[in-house]
Amino acid sequence: MGAAVFFGCTFIAFGPAFSLFFFTVAGDPLRVIILVAGAFFWLVSLLLSSLIWFVSVHLSNQENASLQYGLLIFGAAVSVLLQEAFRFAYYRLLKKADEGLAAISEDGKSPISIQQMAYVSGLAFGIISGAYSVINILADSLGPGTVGIYGDSPYYFITSAFLTMAIVFLHTFWGMVFFSACEKRQILILGVVVVSHLLASGLTFLNPWYKSSLIPIYMLTVAMGIWAFITAGGSLRNLQRCISCKSFFGRNKSYNVI
């Protein structure tokens, strides 16, 4: 039973992310490099936020439960702000790299667009964030023990898996919207991304009332997904073409099918 829970939750949490990686990133060495570097930036932000939380806990009264819970919320907020700060730093680094790639290319164009960089870096943040948040839970799912035997919710593992999947998607969408806002110097949209990230992080403190946290987080995920789709140049017409398997070449009959 433990193995079934482990593999089931793993596929729920990371199945979509690994599919995106395999079909859209793995075939391009440059995208793989951007993904690995993005994961490194997220880990550095986590290291700094963990250090701040660790110091604040040891400088406070550790016997005060309410104070420690407040410091936990403080640490989560600091972590979100540092993640977004490092997302901006990574944007600046990729922007410089993009200019360098364009300068050395024969046609004067970069082999990868800012939108593609935004998608890959967001996916990197999402994968490493999801892995960090759920890896210990997956290890516990192998047993020994039974979740809910003392009256706790039996949906702990499955809910954590779906929450991780949402976080992976959210980071991908946040990355796309964030980079677009940086390109257009839209400070308000940058603020919306940060606030939505804080909201998603804060909603997790409602657990184990999973309905109160998971449903709003997925509503936020859908909203950010639509926003990212529009930001990337998507439209309802393009979506209809994709669903109906129509493209420019499908309308243009001047090509040969071999």
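The values are calculated or read from the model by the stated rules, or taken from the named source; none is laboratory data. Computed from a prediction, not measured in an experiment: that's the story for all the values here. Virtual Cβ from ideal backbone geometry, glycine too; neighbours counted across all protein chains shown. Protein only, heavy atoms only, side chains kept; ligands, DNA and RNA dropped before computing areas. Shrake-Rupley method; radii C 1.70, N 1.55, O 1.52, S 1.80 Å.
Determine if the range 56-68 includes at least one residue that is of a type outside the set (S, T, N, Q) and under 21 Å from A200 (Cα atoms). So far as the range 56-68 goes, no, none of its residues is of a type outside the set (S, T, N, Q) and under 21 Å from A200 (Cα atoms). The residue pairs whose first member lies in the range 64-75 and is over 10 Å from W53 (Cα atoms), whose second member is surrounded by 13 or more Cβ atoms within 10 Å (Cβ to Cβ), and whose beta carbons are closer than 6 Å, counting only pairs six or more residues apart or on different chains, are L67/S60. Taking the stated definitions as given, is A65 over 22 Å from L47 (Cβ atoms) and open to solvent by less than 30 Å² (accessible area, probe 1.4 Å)? The answer is no for A65.
Taking the range 7-18 as the range and being open to solvent by 50 Å² or more (accessible area, probe 1.4 Å) and farther than 12 Å from I127 by Cβ as the test, the residues that pass are F7, F11. Quick one: in the range 29-57, which of the residues that are touching a helix residue (DSSP H, G or I) at 6+ places or on another chain (Cβ under 6 Å) and of a type in the set (S, T, Y) is surrounded by the most Cβ atoms within 10 Å (Cβ to Cβ)? Taking the candidates together, the pick is S45.
Just need a number here: residues in the range 208-243 that are within 30 Å of L72 (Cα to Cα) and either open to solvent by 50 Å² or more (accessible area, probe 1.4 Å) or touching a strand residue (DSSP E or B) at 6+ places or on another chain (Cβ under 7 Å) (or both).
Residues in the range 208-243 being within 30 Å of L72 (Cα to Cα) and either open to solvent by 50 Å² or more (accessible area, probe 1.4 Å) or touching a strand residue (DSSP E or B) at 6+ places or on another chain (Cβ under 7 Å) (or both): 9 in total.
G70: farther than 21 Å from V192 by Cβ, open to solvent by less than 40 Å² (accessible area, probe 1.4 Å), modelled with pLDDT of 85 or more and not aliphatic (A, V, I, L, M), yes or no? Against the criterion (farther than 21 Å from V192 by Cβ, open to solvent by less than 40 Å² (accessible area, probe 1.4 Å), modelled with pLDDT of 85 or more and not aliphatic (A, V, I, L, M)), G70 qualifies. Can you report the number of residues in the range 96-141 which are assigned to a helix (DSSP H, G or I) and free of Cβ contacts under 8 Å to residues at least 40 places away in the same chain? Result for the range 96-141: 14. Residues that are more than 16 Å from the chain's Cα centre (by Cα), farther than 19 Å from I135 by Cα and part of a loop (DSSP other than H, G, I, E, B) are absent from the range 5-23.
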